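K.L.:
First the structure, which I've put down as structure tokens, then a few questions once you've had a look.
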Amino acid sequence: MRDQSFPKTYRILKRSEFTRVYARGRRLIGHYLVVHALPNSLGHPRLGLTVTKKSGKAVVRNRWKRLVREAFRRNRIFLPSMDIVVTVRRDIPVPAYREVEEDLLRLAKRL
């Protein structure tokens, strides 16, 4: 059985790392997500996640974050070695997990 954890080594946590990806990375727009990606030398992908207050109240924002994290965690072996910052698009109701996963994988294939 493969590792199902989501340790800190797979997360982008510092503001400076987010801004580096925004400034130098490539931007792709999907149906639900906007992905900024920049290659890294770590040998594995890392996820940064932003969900603004314009997306909804705390319950809605937390649901988005859980869905995106789970999609990343389950599919990280298929993702290239990149720093990936995912931003949720505004004014879109929270979709089912499968739709978020498909959107993330579709964008990852274009990287």
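The values are calculated or read from the model by the stated rules, or taken from the named source; none is laboratory data. Quantities reported herein were computed from a predicted structural model and do not represent experimental measurements. Every residue, glycine among them, receives a Cβ derived from its backbone with ideal geometry; neighbour counts consider all protein chains shown. Accessible surface is based on the protein model in full, side chains and every heavy atom, while ligands, DNA and RNA are left aside. Shrake-Rupley method; radii C 1.70, N 1.55, O 1.52, S 1.80 Å.
K.L.:
Can you give the accessible area of ARG63 in Å² (nearest 10), computed on protein heavy atoms with a 1.4 Å probe?
P.N.:
For ARG63, the solvent-accessible surface is approximately 100 Å².
K.L.:
Charges only on Cβ, +1 for Lys and Arg, -1 for Asp and Glu: so what's the dipole of the chain about the Cα centre, in debye to the nearest 20?
P.N.:
Charge dipole of the chain: 360 debye, to the nearest 20.
K.L.:
So how do LYS109, LYS65 rank on accessible area, 1.4 Å probe, biggest first, that is with the largest at the start?
P.N.:
LYS109, LYS65
K.L.:
Follow-up question, since we're still on this one. Quick one: accessible area per residue over segment 41-111, 1.4 Å probe, rounded to a whole number of Å²?
P.N.:
Averaged over the residues of segment 41-111, the accessible area is 56 Å².
K.L.:
Moving on. For the residue pair SER16 and ARG90, what label-to-label distance in nm results when each label sits 7 Å from Cα along the Cα-to-beta-carbon direction?
P.N.:
3.0 nm
K.L.:
In addition: Once you list every other residue whose beta carbon is under 13 Å from the beta carbon of LYS54, what net charge do they have if Lys and Arg are +1 and Asp and Glu are -1?
P.N.:
It works out to a net charge of +4.
K.L.:
Now a separate question. Enumerate lysine pairs in the chain that are 8 or more residues apart or on different chains, then count those whose Cα atoms are under 23 Å apart.
P.N.:
Summing the qualifying lysine pairs gives 8.
K.L.:
Out of all DSSP beta bridges with both ends in the chain, state the antiparallel percent to the nearest 5.
P.N.:
If I count the DSSP bridges inside the chain, around 65 percent turn out antiparallel.
K.L.:
Accessible surface of ILE12 in the full protein assembly, 1.4 angstrom probe, to the nearest 10 Å²?
P.N.:
10 Å²
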